[in-house]
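Undergrad: Below you will find the structure I want to go over with you.
The values are calculated or read from the model by the stated rules, or taken from the named source; none is laboratory data. Note that this is a predicted model, so its numbers are computed, not measured. Cβ coordinates were reconstructed from backbone atoms using ideal geometry, including for glycine residues, and neighbour counts include every protein chain displayed. Side chains included, ligands, DNA and RNA excluded: accessible areas come from the protein's heavy atoms. Shrake-Rupley method; radii C 1.70, N 1.55, O 1.52, S 1.80 Å.
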Amino acid sequence: MKNTLSLRVRLTLIILLPLILVAILVGAWAYRDAQTNAAERFDRSLLSTALAISRDTAATGGNALREETRDLLRDTSGGAVFYHVYAPDGVFVTGYATPPIPPDPIALETTQTYYDATYQSDPVRALRFSQTTTIDGISGPFTFTVWQKITVREGFVASRTGPVFLIIAALIGALAIIVWFGVARGLAPLIDLEEAIARRSATDLSPIKRRIPQEVTGIVGRFNKLLDDLSRTLDAKNAFISDAAHQLRNPIAGVLTLAESVANAKTLDDMKERSTDLLDAARDAGQLANNLLTLERAQATLPDENITSFNPIDILEGIAENCAAIAREHGIDFFVDLTDHAMHLSGDPVMFEQAILNIVNNAVHHGGPQLSQISLVAKDIGDTLVVSVSDDGKGIAENDFDRALGRFSQIGPSAGSGLGLPIAAAVAEGLGGKVGLSNEGGKFEVILSCPL
C-alpha cells in the first residue's frame, strides 16, 4: 500500500494554497496601486517645484529663491529635488549646471514633459517645463528642468506597502496555525473510528455503531456491509465444514469397517465378497466428497477472469445424448425438447452442466419404481432461459420442497447425498437465476431459470 500525504496536511494545503494565492494577488495589486499613486504624487510635486522655481526666478532674475521654494527643493515627498534653468538663447541662468538628458528628443512646442533618465549614475525622474517670461530684460521661452532620484519614490512605495505585506503574512501565518490545529480537531472522530476498526477481529465482526461525521457515513456503511458479508461467509464456511465432517464420518467409518473385514476374511470367497462391498462403499464416499466439492464451488463467488459467455443449448444437447443412454439402461423413456434460438449465459459452463446433470440424475435414481419417462425441455421466455426436468415418478410433496432444496436433506430413505438440488440451486443463483419445484399434472418438475 502506497503512502501519501496525511489527511491533515492535505486539508491544510487545500485550504491555505488558495488563500496564499489570493494574498499574493492582493499584495501585487497593493504594490502596483502604491506605485501608481506614488508616480502621480511625485510628478505633481515636481510640477509644483518647477512652478515655484519659475516664479522665483522671474521675480529675482535668477539670483535667489524664496525660503519656501528652498524647502521644496530640500524635501519634496521625502527627498531632495535638483533644478536647472536656461534662457531662450541657451544661456545657463541658475541651478545645477547639467540637467539629465531626455532619452528621446523633445519637440520645441512642448511645454511640459516627464521622463526617466540618469543623473550621475543614478536613475531619476525629471520634468522639463517651458514657460515664456522675462528675466533680466530677456524675454522668451525659458526652460526649467527639475528632477529627483527614483530611489526616493521606491522608498515611499516600500513604506506604504511594507505594512500591508506584513499584515497579510501575519494573517496567513495565524490562519495556518488555526487550520493546522483545527483540522486535527476535526479529524478526531476518524482517530476514534480507527480505534473501533482496530478492535475488530476474526471473532468480532460486529458492525461499527458510533457517531461519525457525515462525510464518512458512506465509508463506514460499506465497511459494515463488508463485515456483515464476511461474517455470513465465515458462518457458511463453518456450517459447510461441520456438515461435511458429519456427512463424511459415516461413509469413512463404513469404508474402514469393510477394509478391516477384508483383512480378516477367512476364505477367498469371503474376501472377494467383502472387497466388492468395500469398493461400493469407497465409490459412495468418493461421490459424496465430489458432491461436497461441487457444492462449495457452486456457492463460491466466481472470479471475473473465470466468467465466460457460453451457449447453454450446446451443453444441454450433450447432456441429453448421454442421459438418454442412461435412461434406456434403466428402461426409462427420455424426451428432449430444446429451443433452436441462439442464446448466451455468462458464468461457469462446467457448473451449469453439473447442475442439469444433478437434476436429471435425481430423476433417474430417486423417481421410484413407477418412473417410466423423463423430459428435458429448454426454452427462452423473454430474456430468460428456462430449463425444466420433469418425470412421472413418486415426486416430492409440496410441503417438502424447502427441505428438498436444503443441504444433505433427503425425502425418505435414499442412498444419495442430498446435495443434487442444493448444487443446482447454488449454480442457478450464481448465474443470477433460481430453481423452483412443481407438482402439477401428475408430474414432478424441477425448473431452472437464468437471465440471458
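Undergrad: Here are some residues: ILE177, ILE168, ILE172. Which one is open to solvent by 50 Å² or more (accessible area, probe 1.4 Å) and outside any strand (DSSP E or B)?
TA: Being open to solvent by 50 Å² or more (accessible area, probe 1.4 Å) and outside any strand (DSSP E or B) holds for just one of ILE177, ILE168, ILE172, which is ILE177.
Conditions tested, residue by residue: (1) more than 15 Å from SER438 (Cβ to Cβ); (2) surrounded by 13 or more Cβ atoms within 10 Å (Cβ to Cβ); (3) within 47 Å of the chain's Cα centre (by Cα).
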residue: LYS379; (1), (2), (3): yes, yes, yes
residue: LEU385; (1), (2), (3): yes, yes, yes
residue: ASP392; (1), (2), (3): no, yes, no
residue: ASN399; (1), (2), (3): no, no, no
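Undergrad: Residues of the range 193-216 being surrounded by 12 or more Cβ atoms within 10 Å (Cβ to Cβ) and charged (D, E, K, R), which ones?
TA: Across the range 193-216, the qualifying residue is only ARG200.
Undergrad: Based on this model, can you work out whether SER139 counts as in a strand (DSSP E or B), more than 30 Å from ASP33 (Cα to Cα) and open to solvent by 70 Å² or more (accessible area, probe 1.4 Å)?
TA: In short, yes.
Undergrad: Taking GLN370 and the conditions (1) at pLDDT below 85; (2) assigned to a helix (DSSP H, G or I), which numbered condition does it fall short on, given that it satisfies the others?
TA: Here GLN370 meets the rest and fails (2).
Undergrad: Among ILE381, ILE423, which is the only one that is at pLDDT below 80 and β-branched (Val, Ile, Thr)?
TA: ILE423
Undergrad: Report yes if some residue within the range 337-348 is over 46 Å from the mean Cα position of the chain (by Cα), among the aliphatic types (A, V, I, L, M) and either open to solvent by less than 20 Å² (accessible area, probe 1.4 Å) or within 19 Å of THR384 (Cα to Cα) (or both); otherwise report no.
TA: Yes, some residue in the range 337-348 is over 46 Å from the mean Cα position of the chain (by Cα), among the aliphatic types (A, V, I, L, M) and either open to solvent by less than 20 Å² (accessible area, probe 1.4 Å) or within 19 Å of THR384 (Cα to Cα) (or both).
Undergrad: Here is a check on your reading of the model: is THR145 of a type in the set (Val, Ile, Thr), at pLDDT below 85 and open to solvent by less than 60 Å² (accessible area, probe 1.4 Å)? Even if it seems obvious, please write down each step before you answer.
TA: On the way: of a type in the set (Val, Ile, Thr): yes; at pLDDT below 85: no; open to solvent by less than 60 Å² (accessible area, probe 1.4 Å): yes.
No, not satisfied.
Undergrad: Here is a further query. Look through the range 152-168, keep the residues that are in contact (Cβ under 8 Å) with a residue 40 or more places away in the chain and either out of contact with any Gly (no Cβ under 8 Å at 6 or more places or on another chain) or not aliphatic (A, V, I, L, M) (or both), and return whichever of them is nearest to THR57 (Cα to Cα).
TA: The extreme case among them is ARG153.
Undergrad: Consider ASP314 carefully, then state whether it is touching a residue at least 24 places away in the same chain (Cβ under 8 Å) and among the acidic types (Asp, Glu).
TA: For ASP314, the condition - touching a residue at least 24 places away in the same chain (Cβ under 8 Å) and among the acidic types (Asp, Glu) - is not met.
Undergrad: Would you pick out the residues in the range 92-107 that are under 23 Å from THR132 (Cβ atoms), touching a strand residue (DSSP E or B) at 6+ places or on another chain (Cβ under 8 Å) and at pLDDT below 85?
TA: Listed by number, the residues that qualify are PHE92, VAL93, THR94, GLY95, ILE106.
Undergrad: Is it fair to say LEU292 is outside any helix (DSSP H, G or I), modelled with pLDDT under 70 and surrounded by 12 or more Cβ atoms within 10 Å (Cβ to Cβ)?
TA: Answer is no for this residue.
Undergrad: Next question, about the same structure. Which of the residues that make up the range 325-352 are in contact with a Leu (Cβ under 9 Å, 6 or more places away or on another chain) and not in a loop (DSSP other than H, G, I, E, B)?
TA: Hits for the range 325-352 are PHE334, PHE335, VAL336, ASP337, LEU338, LEU345, SER346, GLY347, MET351, PHE352.
Undergrad: Where in the range 32-135 are there strands (runs of 3 or more DSSP E), lying wholly inside it, with at least 1 residues that are open to solvent by 50 Å² or more (accessible area, probe 1.4 Å) and either free of Cβ contacts under 8 Å to residues at least 40 places away in the same chain or within 15 Å of ILE150 (Cα to Cα) (or both)?
TA: Strands (runs of 3 or more DSSP E) meeting the threshold: 92-95, 112-119, 122-135.
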